[in-house]
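Below is one structure; the comments refer to it alone.
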Amino acid sequence: MVTFELLDEPDSSITEPSTALRRQIQHLFGRSLHIRHVDAGSCNGCESEIKLLTSPYYDIHRLGIFFTTTPRHADLLLVTGAITRAMVDPLQRTYAAMPEPRLVVATGACACDGGIFGRSCLTLGRLSAILPVDTYIPGCPPTPLALIHGLLLTLGRAEQRLHRQILAHHADGKA
Amino acid sequence: MELGWLLRGWRTGIVTTPYPTRPDPPPQGFRGRPQLDGERCRIDDGCTVCVEVCLPRALRLETVPNGLDRRLVLDLLPCIMCGLCVQACPTGALHMQSDGELAVRSPQDAQTIVPLEMEVSSDGHI
Amino acid sequence: MSVAVAAVALWTALGLCAAGALLCLLVPRRRLSIPVFVITTMAVGVLLIVSGAALLAGTPLPEFGIASPLPFGPLIVQPDRLGGFFLVIIGLVTAPIGLYSWDYLGGAPAFRYLRAFTVLWFVLLAALILIVTAADAVLLLMAWEVMAYLSYLLVTFEHDDAEIAHAAFLMLAVSEIGTFGIVAAFLLLAQAGGGFDFADLRAGAAQLSPGARDLVFVLALGGFGAKAGILPLQLWLPEAHPAAPSNLSALLSAVIIKLGIYGIIRVTFDLLGVGPGWWGLLLLLVGAITAVVGILFATVECDLKRILAYSSIENIGLICVGLGAALAFRSAALPTYAAIVMIAALYHVLNHATYKTLLFLGAGAVHRSTGTRDLGQLGGLVRLMPWTTLCFLVGALAIAAVPPFNGYVSEWMLLESLLRTSALPAVSARMVVVAGAAAIALTAGIAVTAFVRAVGTGFLGLPRTRAAAHATEVGHSMRAAMAFLAVACFLLGTLPTFILPVLNQVTTPLFGISVANAIVPPLFSGKAGAYQALVGLGGTLFRGLPVNGLVLIASPKFNTITAPSYLVLAELLLLALLLLVLRAIRPQGRRRRGPVWAGGIPTFRANMQYTPQAYANPIRLIFQGIFRSRVQYEPRELAAHYQVGRIVYQQTVPPPLEPELYRPLLGAVSWLVGRARVIQSGNVNQYIAYIFLLVLAILIIRAL
Ligand code: SF4
Ligand code: SF4
Ligand code: SF4
């Protein structure tokens, strides 16, 4: 059985897959991806958006992306919610049940970094505390288009738009 | 009956979004994400209005690892896109953008940072 | 030489049966009677194998008459090769059963009525031997009835509960109905032939009119078929087999129902002579339906022994398909095909005897160790009873016709020889035979499901009840008996080229043609002759081995070959290849061991496993037209509308034909009996009046 240490701070060595692994993932999952979704204490806002992904309008099946019921068949773990302590164990079991290579996506403000719930005695406040996260999809809830972008980004089929910005001081600063 | 169904499909045409191939612009007035304009922000002058209104602490003041300098961080990961900060900002340094492609691979990429060098007085107070 | 060996062995076996019965009657202590029982039974088994083998190798024994006070002349014992073949089967089954009984009878819980069981057992064995060695209808019928009544008594032993008494009574009733048919058939033949020994009966058959011969055929088929368990007389089988103690149910299923097959072969192939084509087609159709229905019910049944009983019905069906095809080919003057398909059917008889004994002994071991036979309460036995599980698995693979075990060879031969139907002249006959072949294919497919289910839910996974969790491996003698049979299954499956020529000995006198060289071509002796073309297929490859490896079913249009002995090598090679390929495509060999996926909850519980009912549900739904299962569903609602306190879900599958045939039949009989009761008042005066009226009527008739 695979066990995970509860990491207080995200360890960038596990949060960031190597380039080689990324290439392998794109090669393996580029055109066919199966998702297992786990609700780890979400308000269900994210779920209602995720559900829309299979509607005729968004229709992610056209992109070769499918939802599956068992982690044994899944390539990607899509997690929503603020990671309540009760869900830590099931989440880790789900992850352990997935075949490798496997991807993890944190969906919504809650799973990304706590959202309105944050860290508390009941929640861990972010998915990266227990699992290596490949992609973060912020938003509360993220729109279906944002979800599609996030999934395609994970597969290397879309570009990342946001980048770390360090803004310069305004003109009359102490340069 | 099947024919009617076919006809209906034909008349309806394609409803699916063209999204990954072509952009699918959001509707008017869509609140995407807050965007910080470093030129107009008055953080240097002690303004912390946005930090105070932000519930999930997506806007926060952080101490830089050197222990002295501080910085204003807009972190989109916990941001719930509520727009309170935009309304609160006295200088209009914040506004909402409508783009939706926010996913990032690394948490750092979701951050916008305004560094802030404090003038430290001799007795150690600001 | 072989004649002497056969005779001595046979009579010693019979003598041992008598001695065993006597000793068991006299031995005062349980501790002593079990060794006596075991040793004598095993000795009888071995002697029977020796005697049968000698008979198969040589000529029939000389006739041996036993003086009898009955007005039918002396009772004649004269086993021929067919009888010898069945002697081998009886021996092959009883020897391991004897060994098995050491721990089975001796272990806790104590076996009640031990003395009566052991004594009657030996009498039953003697009756079985006499049935297959009798050359005389009277002796055969007497032994037959002894067998019927003794098996009734032995089945009722282990418990006193009403269900078992009912099961045993049902068995006896069906058997007696069958006996009517058998007696009628023999009487018709004997009347024409002027005597009861088989030679007279053969002569009688030649003189009978075609209509009378048809009648004899149908009567014998129904009569012996009732014992064999062909539809629609299969009712008793799934009731009686689970009721009996396991060593007896093995004997019931492996030998006693086969004696029904023996009777059918004896009458239709030996005594009656060549008949019209529809005989074979009738037998084939009945067999095909029996096979399909049998295996379907085996798939949905949950009681381990009832599963085996239904699968016995299925196998009897397969054998009947073979016999029917043999009859049809013989009527069409195609003795070669008839002999080949007959050999296949006999091989199946032999195979079924071995693997079904094995499975029943395995089921008995499970029952002994867990106290239950319900698949829904078993599970996880593979860790607790590894030997039993392994042996049962071998039996299951054999019965599911998976090479390299023996079921594969005979089912393959049956199927292949049925496909030679294009040689039959009548198109309608061809279609019936092909339908039989299709039924066999369907049966083989469903049999895999049935036995995957039996092994998977019964032996693998987690124990479903405390009883199953506390199971312990059974004693050495039971394990040894099962291991012996498992090895027999393997050898019969891998060395058919040794067995087929022996079976050919049985069919040669029946069809007047030897097909040994056709089925097992002598590729290695350099005299390949007509099969020269096959040498290139691999004959030369294995020239180093002194064995004829190929089993061939030839026809003018196409030949089909299988090589079970090489199949083992091929399977091993494929396995090695598979491992190599796996190595190659996963070079890093990274492997992760994880817990069983249980929906995320911490422990995987036994009640989360696939249940036997659920596993069979697709089959039950697809064949609902045959099962006619009834589902009863009642949620018991509590006060609040949403709260359901208890849900009753009950699903019953009535036994085949029960609602369609037996219910109305029983209803009609009890209606008739009710009417007839009017004349039975219990009043003596009234009965005297009946007698008076009868006498008066006779006097009047005489006077007229
Ligand atoms: S991110 Fe927002 S919508 Fe999603 S679960 Fe959290 S609170 Fe609900
Ligand atoms: S409220 Fe506006 S001006 Fe003040 S710190 Fe925030 S962004 Fe800068
Ligand atoms: S939009 Fe709301 S959550 Fe986001 S930074 Fe502004 S106040 Fe904070």
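Tabulated values for the structure
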{"read-out": "Computed Kirkwood radius, in angstrom, where 1/r is averaged over Cα pairs of the stretch C:355-493", "value": "16.2"}
{"read-out": "Theoretical FRET efficiency, 1/(1+(r/R0)^6), r = Cβ-Cβ of A:ILE116 and B:ARG11, R0 51 Å, to 0.05", "value": "0.70"}
{"read-out": "Ranked packing of C:399-412, B:75-88, most packed first, by mean Cβ within 10 Å", "value": "C:399-412, B:75-88"}
{"read-out": "Interface burial for A against C (accessible surface, 1.4 Å probe, total of both chains, Å², rounded to 100)", "value": "1000"}
{"read-out": "Per-peptide average of other Cβ atoms within 10 Å, ordering C:228-240, A:48-60 highest first", "value": "C:228-240, A:48-60"}
{"read-out": "Simple spin-label estimate for A:ARG161 and C:VAL434 in nanometres, 7 Å along Cα-Cβ", "value": "6.6"}
{"read-out": "Two-site FRET efficiency, A:ARG85 against B:GLN28, from Cβ-Cβ distance with R₀ of 56 Å, rounded to 0.05", "value": "0.85"}
{"read-out": "Solvent accessible area, Å² - C:PHE169, 1.4 Å probe, full protein context", "value": "130"}
{"read-out": "Separation between Cα centres of the stretch B:58-98 and the stretch A:82-107, rounded to whole Å", "value": "30"}
{"read-out": "Ratio Rg/Rh [Cα only; Rh per Kirkwood] for the stretch C:432-525", "value": "1.15"}
{"read-out": "Minimum 30 Å² accessible area buried by the other protein chains, the stretch B:1-31 residues, probe 1.4 Å, relative to alone", "value": "B:VAL15, B:THR16, B:THR17, B:TYR19, B:PRO20, B:ASP24"}
{"read-out": "At least 50 Å² accessible surface lost relative to isolated chain, residues of the stretch A:144-163 (1.4 Å probe)", "value": "A:LEU145, A:HIS149, A:GLN160, A:LEU162"}
{"read-out": "Peptide-level mean, for A:53-66, of C-beta atoms on other protein chains within 10 Å", "value": "2"}
{"read-out": "Surface per residue (accessible, 1.4 Å probe) for the stretch C:220-298, Å²", "value": "13"}
{"read-out": "Extension gain from C:LEU462 to C:ALA584, taking 0.36 nm per residue of separation minus the Cα-Cα distance", "value": "40.5 nm"}
{"read-out": "Stretchable slack from C:HIS476 to C:LEU569, in nm (0.36 nm times residue separation minus alpha-carbon distance)", "value": "30.4 nm"}
{"read-out": "Where B:TRP10, B:TRP5 fall by accessible area, highest first, once all protein chains stay in place (1.4 Å)", "value": "B:TRP10, B:TRP5"}
{"read-out": "Förster radius 60 Å - calculated FRET efficiency between C:TRP11 and C:ARG605, Cβ distance, rounded to 0.05", "value": "0.50"}
{"read-out": "Signed unit charges on C-beta, dipole axis of the protein assembly as shown, positive-most listed residue C:GLY15, B:LEU55, A:LEU147", "value": "C:GLY15"}
{"read-out": "Apportionment of accessible area to carbon and sulfur, the protein assembly as shown, percent (1.4 Å)", "value": "65"}
{"read-out": "Accessible surface, per residue, of the stretch C:358-398 when the full set of protein chains is kept, probe 1.4 Å, Å²", "value": "29"}
{"read-out": "Value at 222 nm in deg cm²/dmol, rounded to 500, when DSSP H runs of n ≥ 4 in chain C each add -39,500 (n - 2.57)", "value": "-22500 deg cm²/dmol"}
{"read-out": "Peptides ranked, highest mean first, by Cβ atoms within 10 Å: ranges C:680-691, B:51-62, C:243-254, C:428-439", "value": "C:243-254, C:428-439, B:51-62, C:680-691"}
{"read-out": "C-alpha center-to-center spacing [the stretch C:133-152, the stretch C:579-626] in angstrom", "value": "51"}
{"read-out": "Helical mean residue ellipticity (222 nm; -39500 (n - 2.57) per DSSP H run of 4+; nearest 500) of chain B", "value": "-4000 deg cm²/dmol"}
{"read-out": "Chymotrypsin sites (Phe, Trp or Tyr not before Pro) restricted to DSSP loop in the stretch C:75-143 with at most 16 other C-beta within 10 Å", "value": "C:TYR113"}
{"read-out": "The stretch C:26-78-the stretch C:309-326 distance, computed between alpha-carbon centres (Å)", "value": "28"}
{"read-out": "Shielding by partners, peptide B:40-49 (average Cβ within 10 angstrom, other chains)", "value": "1"}
{"read-out": "Shielding of B:69-78 by partner chains, average beta-carbon count, 10 Å", "value": "4"}
{"read-out": "Contact order relative to length of chain C, as percent, for alpha carbon pairs under 8 angstrom and 6 or more apart", "value": "11"}
{"read-out": "Residue-normalised accessible area of the stretch C:660-703, given per residue in Å² at a 1.4 Å probe", "value": "90"}
{"read-out": "Vicinal HN-Hα couplings computed from phi for the stretch C:190-204 (Karplus, 6.51 cos²θ - 1.76 cosθ + 1.60; Hz; Gly/Pro x)", "value": "5, 5, 6, x, x, x, 9, 7, 4, 4, 4, 5, 4, 4, x"}
{"read-out": "Length released on extending from B:GLU2 to B:THR48, taking residue separation times 0.36 nm less the Cα-Cα span", "value": "10.2 nm"}
{"read-out": "Calculated SAXS-style log₁₀ I(q)/I(0) at q = 0.07, 0.08, 0.09 Å⁻¹ - the protein assembly as shown, Debye, Cα scatterers", "value": "-0.77, -0.90, -1.02"}
{"read-out": "Accessible area buried, both sides summed, chains A and B with 1.4 Å probe, Å²", "value": "4000"}
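The values are calculated or read from the model by the stated rules, or taken from the named source; none is laboratory data. Fair warning: this is a prediction, and the values are worked out from it, not measured in the lab. Cβ sites come from the backbone with ideal geometry, for glycine too, and all protein chains shown count toward neighbours. Areas reflect the complete protein model, heavy atoms only, side chains present, ligands, DNA and RNA absent. Shrake-Rupley method; radii C 1.70, N 1.55, O 1.52, S 1.80 Å.
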